[in-house]
Amino acid sequence: KNQVEQSPQSLIILEGKNCTLQCNYTVSPFSNLRWYKQDTGRGPVSLTIMTFSENTKSNGRYTATLDADTKQSSLHITASQLSDSASYICVVTVFGNEKLTFGTGTRLTIIP
Amino acid sequence: DAGVTQSPTHLIKTRGQQVTLRCSPKSGHDTVSWYQQALGQGPQFIFQYYEEEERQRGNFPDRFSGHQFPNYSSELNVNALLLGDSALYLCASSHRTSVSYEQYFGPGTRLTVT
């Protein structure tokens, strides 16, 4: 069964600190992996997307990594800001049918 | 470009009633996917439409149905509402040639069933 697991479920850090969120998946065959940021009650917004051949991709203070061999990805947030408080969802796409498999997300809270 | 828009923003219905949610895709997109997101959970795929036909469907009962119009906008209909249907309903649009690579989400419709 195709699954996407994220850890931790929730995380609280001080403003200005860095953090790393993890995503492990069993989706096969793999097409791409995307990280979304979702504010409470809002639609997800794409942060990065990586295909099989990409190991890292950055978007401002967000840097995603992908290890397709171990089927692991991480999202690193640098110099966190209060506006980074949100849920971060890892989404993996199945090659061929383009079906998206969502993780349950990591709830990140930044405190001043 | 207004991006993906959804209406209404919030909706309160009673058990047994029927509801229709609407979605307008981003300009240039012809494919619309619908998702249900329960509180604290990741989105669950309901179905996908392009060329006015349902192309893929997730594990949802027949009470969930949809429609796509010639202008690519879409509706999600839910009949015989249950308390468990309370959720954020998300619409995502893309072009059929790059469904997974470019999928933009709307702000969602919050449905509460009492």
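Kindly provide the set of residues from the stretch A:60-98 that are out of contact with any Phe, Trp or Tyr (no Cβ under 7 Å at 6 or more places or on another chain) and within 14 Å of another protein chain (Cβ to nearest Cβ), ordered by number.
A:Ala86, A:Ser87, A:Thr93, A:Val94, A:Gly96, A:Asn97, A:Glu98, listed by residue number.
A:Val27 passes all but one of (1) at pLDDT 90 or above; (2) more than 10 Å from chain B (Cβ to nearest Cβ); which number fails?
(1)
State all residues of the stretch A:99-112 that are within 14 Å of chain B (Cβ to nearest Cβ) and in a loop (DSSP other than H, G, I, E, B); if no residue qualifies, say none.
A:Lys99, A:Gly103, A:Thr104, A:Gly105
Checking the conditions here, which among A:Ser80, A:Ser31, A:Ser53 is in a loop (DSSP other than H, G, I, E, B), touching a residue at least 60 places away in the same chain (Cβ under 8 Å) and among the hydroxyl-bearing types (Ser, Thr, Tyr)? Explain how you work it out, then say what you get.
Working: A:Ser31 fails: in a loop (DSSP other than H, G, I, E, B); A:Ser53 fails: touching a residue at least 60 places away in the same chain (Cβ under 8 Å).
Of A:Ser80, A:Ser31, A:Ser53, the one residue that is in a loop (DSSP other than H, G, I, E, B), touching a residue at least 60 places away in the same chain (Cβ under 8 Å) and among the hydroxyl-bearing types (Ser, Thr, Tyr) is A:Ser80.
Of all residues in the stretch A:48-82, which are modelled with pLDDT of 95 or more and of a type in the set (A, V, I, L, M, F, W, C)?
Result: A:Ala64, A:Leu66, A:Leu75, A:Ile77, A:Ala79, A:Leu82.
Confirm whether B:Ser73 is under 11 Å from the mean Cα position of the chain (by Cα) and surrounded by 14 or more Cβ atoms within 10 Å (Cβ to Cβ).
So B:Ser73 fits the description; yes.
Based on this model, can you work out whether A:Leu11 counts as surrounded by 15 or more Cβ atoms within 10 Å (Cβ to Cβ), part of a strand (DSSP E or B) and at pLDDT 95 or above? First the steps, then the outcome.
Working: surrounded by 15 or more Cβ atoms within 10 Å (Cβ to Cβ): yes; part of a strand (DSSP E or B): yes; at pLDDT 95 or above: yes.
In short, yes.
Can you work out which of the residues in the stretch B:81-105 that are at the interface with chain A (Cβ under 9 Å from one of its Cβ atoms) and modelled with pLDDT of 95 or more is surrounded by the most Cβ atoms within 10 Å (Cβ to Cβ)?
Applying the filter and picking the extreme gives B:Cys91.
Anything in the stretch A:4-28 that is in contact with a Gly (Cβ under 6 Å, 6 or more places away or on another chain) and either among the aliphatic types (A, V, I, L, M) or without any contact (Cβ under 8 Å) to a residue 60 or more places away in the chain (or both)? List them, or say none.
Selection gives A:Val4 alone.
Would you be able to tell me the number of residues in the stretch B:1-50 that are farther than 19 Å from B:Tyr104 by Cβ and in contact with a helix residue (DSSP H, G or I) (Cβ under 9 Å, 6 or more places away or on another chain)? Break it down stepwise before answering.
Step one: of the stretch B:1-50, the residues farther than 19 Å from B:Tyr104 by Cβ are B:8, B:10-20, B:38-41.
Subsequent filtering for residues that are in contact with a helix residue (DSSP H, G or I) (Cβ under 9 Å, 6 or more places away or on another chain) retains B:13, B:15, B:19, B:38.
The total comes to 4.
I need the full set of residues from the stretch B:59-100 which are hydroxyl-bearing (Ser, Thr, Tyr) and closer than 19 Å to B:Gln44 by Cβ, in order please.
Residues satisfying the conditions are B:Ser65, B:Ser74, B:Ser86, B:Tyr89, B:Ser93, B:Ser94, B:Ser100.
Is it the case, given these coordinates, that A:Tyr88 is within 29 Å of B:Arg57 (Cα to Cα) and modelled with pLDDT of 95 or more?
Criteria met by A:Tyr88.
Out of all the residues in the stretch B:11-45, which are facing another protein chain (nearest Cβ under 9 Å), in a strand (DSSP E or B) and of a type outside the set (Ser, Thr, Tyr)? Before the answer, list the steps.
Step one: list which residues in the stretch B:11-45 are facing another protein chain (nearest Cβ under 9 Å), which gives B:33, B:35, B:37, B:40-45.
Right, trim to in a strand (DSSP E or B) and you get B:33, B:35, B:37, B:44-45.
Hits for the stretch B:11-45 are B:Gln37, B:Gln44, B:Phe45.
Condition check: under 14 Å from the mean Cα position of the chain (by Cα) and closer than 19 Å to A:Val4 by Cβ. Does B:Gln68 satisfy that?
No, not satisfied.
Considering (1) touching a residue at least 24 places away in the same chain (Cβ under 8 Å); (2) more than 19 Å from A:Cys90 (Cα to Cα); (3) over 11 Å from the mean Cα position of the chain (by Cα), say which one B:Asp62 fails and leave the rest.
(1)
Which one of the conditions (1) of a type in the set (S, T, N, Q); (2) surrounded by 15 or more Cβ atoms within 10 Å (Cβ to Cβ); (3) farther than 23 Å from A:Gly41 by Cα does B:Ser27 fail to meet, given that it meets all the rest?
The failed condition is (2).
The values are calculated or read from the model by the stated rules, or taken from the named source; none is laboratory data. None of these values were measured; they are calculated from a predicted model. Backbone-built Cβ (ideal geometry, glycine too); neighbour counts: all protein chains shown.
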